[in-house]
Amino acid sequence: MAQGDFVKPHRFGDIAAFVAVVKAGSITAATNSLELTRSAVGKSIVRLETQLGLRLLNRTTRKLSLTDEGAVVYERWRQILDELEDVDATMALRRNQPTGTLKFLMPPTFGQRHVLPVLNAYLNEWPALRAELWFTDRFVDLVEDGFDLAIRIGAPKEDSQMLTRTVAWRQFIVCASPDYLARRGTPQTPRDLVGHDTIMYAVGEQPRPWRLYTDDVPHVYEGPARLDIDSYEVMREMALAGFGLTFLPNYILADELRAGTLVEVLRAHRPPRDPIRLVYPSRQHLAPRTRGFIDLLAQRWESGAPWET
């Protein structure tokens, strides 16, 4: 391959087309984002393969898949395009105009309740900016999957590729409706939970224990629960209906606790708080779209998160 092939004007366009096709999963799906015809995108990929002397994609009537060589060049080219987008965004910051796509990962319930209102304000402020949101409780590799930013709750893991900023705290509490406590009594110690109707969070068939403390001595309540549920929202609804005691994070209970429709019990036995952190890849120059949102959220919650005020 001649050295001049690397500087032909269409080469970056061909690379962008290839990366878009891999991300979208098909040539047809990539045409909208590229604003090109299917034929033009196909020709870009053929041109790249000809220049490299390698097959980059396995093509079938149903789907496309990367060859081993295609996977290597895709990852490198994706990183290069990301860096180019960061350069564009850095220049946009000089004009006070964050641009590009903010790819954001967050826990479903927490994100929907407390992060989306801030993100909505951010997007309204910067019309040239768009966002791609993923809601999951699963651990996702931010670097491998190309995320700009994530919300994670709990103690951080050692990772040299990640930077973190604590923006709030989560506190688990035991609570029930006034009606349930009037009927069944109020537990005074963690041992009193035995014999009560409890609503526990369960992943698969494994309920998550309640960890409570007395003078730093842990007490673990493992059930059995009267009701196992895999949704914090439904657990709250069942507690409101007077079904029993439950153990939930304060960020989902603030309105009910203020209104008195749910009442905290065993307050003296609360577990330690967990940090709520913004996590982002440790690039030398953080993209303005990412830095802008981090600063906005930290500013909004500086005097107290919405569920704490």
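The values are calculated or read from the model by the stated rules, or taken from the named source; none is laboratory data. The structure presented is a predicted model; accordingly, all values stated were derived computationally and were not measured. Because the Cβ atoms are built from the backbone with ideal geometry, glycine has one as well, and the counts that use them run over all protein chains shown.
Quick check on segment 91-113. Is at least one of its residues assigned to a helix (DSSP H, G or I), free of Cβ contacts under 8 Å to residues at least 12 places away in the same chain, of a type in the set (Val, Ile, Thr) and not assigned by TED's automatic domain parsing to the domain that holds Asp230?
No - not one qualifying residue is present in segment 91-113.
Just one of Ala241, Ala168, Ala268, Ala182 is among the small types (Gly, Ala, Ser), under 30 Å from Arg291 (Cα atoms) and either out of contact with any Lys or Arg (no Cβ under 7 Å at 6 or more places or on another chain) or modelled with pLDDT of 95 or more (or both); which is it?
Sole residue among the options that is among the small types (Gly, Ala, Ser), under 30 Å from Arg291 (Cα atoms) and either out of contact with any Lys or Arg (no Cβ under 7 Å at 6 or more places or on another chain) or modelled with pLDDT of 95 or more (or both): Ala168.
Out of the residues in segment 20-49 meeting the condition of being without any contact (Cβ under 8 Å) to a residue 24 or more places away in the chain, of a type outside the set (Ser, Thr, Tyr) and not in a helix (DSSP H, G or I), tell me which one is surrounded by the most Cβ atoms within 10 Å (Cβ to Cβ).
Across segment 20-49, the extreme among qualifying residues is Leu36.
Looking at Ala259, is it buried (at least 16 other Cβ atoms within 10 Å of the Cβ), of a type outside the set (Ser, Thr, Tyr) and closer than 28 Å to Ala121 by Cα?
It is false that Ala259 is buried (at least 16 other Cβ atoms within 10 Å of the Cβ), of a type outside the set (Ser, Thr, Tyr) and closer than 28 Å to Ala121 by Cα.
Of the conditions (1) closer than 22 Å to Trp307 by Cα; (2) touching a Lys or Arg at 6+ places or on another chain (Cβ under 8 Å); (3) of a type in the set (Ser, Thr, Tyr), Thr136 clears all except one; give me its number.
Looking at each condition in turn, Thr136 falls short on (2).
Starting from residues that are more than 29 Å from the chain's Cα centre (by Cα) and assigned to a strand (DSSP E or B), keep the ones in segment 209-219 and report whichever is surrounded by the most Cβ atoms within 10 Å (Cβ to Cβ).
Going through the qualifying residues, I end up with His219.
Between Phe139, Phe135, which is touching a Gly at 6+ places or on another chain (Cβ under 6 Å) and without any contact (Cβ under 8 Å) to a residue 40 or more places away in the chain?
Of the residues listed, the single one that is touching a Gly at 6+ places or on another chain (Cβ under 6 Å) and without any contact (Cβ under 8 Å) to a residue 40 or more places away in the chain is Phe135.
Residue-wise test of (1) in contact with a Pro (Cβ under 9 Å, 6 or more places away or on another chain); (2) touching a residue at least 60 places away in the same chain (Cβ under 8 Å); (3) under 20 Å from Asp148 (Cα atoms).
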position	(1), (2), (3)
His269	yes, yes, no
Asp274	yes, yes, no
Pro281	no, yes, yes
Ala287	yes, yes, yes
Ser303	no, no, no
Trp307	yes, yes, no
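Within segment 127-161, count every residue that is under 15 Å from Glu85 (Cβ atoms) and not in a strand (DSSP E or B).
So the answer is 4.
For Ala182, are the conditions met, namely being among the aliphatic types (A, V, I, L, M), closer than 22 Å to Glu308 by Cα and either assigned to a helix (DSSP H, G or I) or touching a residue at least 24 places away in the same chain (Cβ under 8 Å) (or both)?
no
Could you identify the single residue in Ala225, Ala254 that is of a type outside the set (Ser, Thr, Tyr), surrounded by 19 or more Cβ atoms within 10 Å (Cβ to Cβ) and under 30 Å from the mean Cα position of the chain (by Cα)?
Being of a type outside the set (Ser, Thr, Tyr), surrounded by 19 or more Cβ atoms within 10 Å (Cβ to Cβ) and under 30 Å from the mean Cα position of the chain (by Cα) holds for just one of Ala225, Ala254, which is Ala225.
Determine, yes or no, whether Leu84 is at pLDDT 90 or above and not in a loop (DSSP other than H, G, I, E, B).
It is false that Leu84 is at pLDDT 90 or above and not in a loop (DSSP other than H, G, I, E, B).
Taking segment 185-207 as the region of interest, how many residues are assigned to a strand (DSSP E or B) and of a type outside the set (Phe, Trp, Tyr)?
Counting residues in segment 185-207 that are assigned to a strand (DSSP E or B) and of a type outside the set (Phe, Trp, Tyr) gives 7.
Collect the residues in segment 196-218 that are over 22 Å from Ala239 (Cα atoms) and in contact with a Lys or Arg (Cβ under 9 Å, 6 or more places away or on another chain), keeping them in residue-number order.
Within segment 196-218, Tyr213, Pro218 meet the criteria.
Could you say which residue among Pro127, Pro156 is of a type outside the set (A, V, I, L, M) and over 24 Å from Ser33 (Cβ atoms)?
None of the others qualify; the one that does is Pro156.
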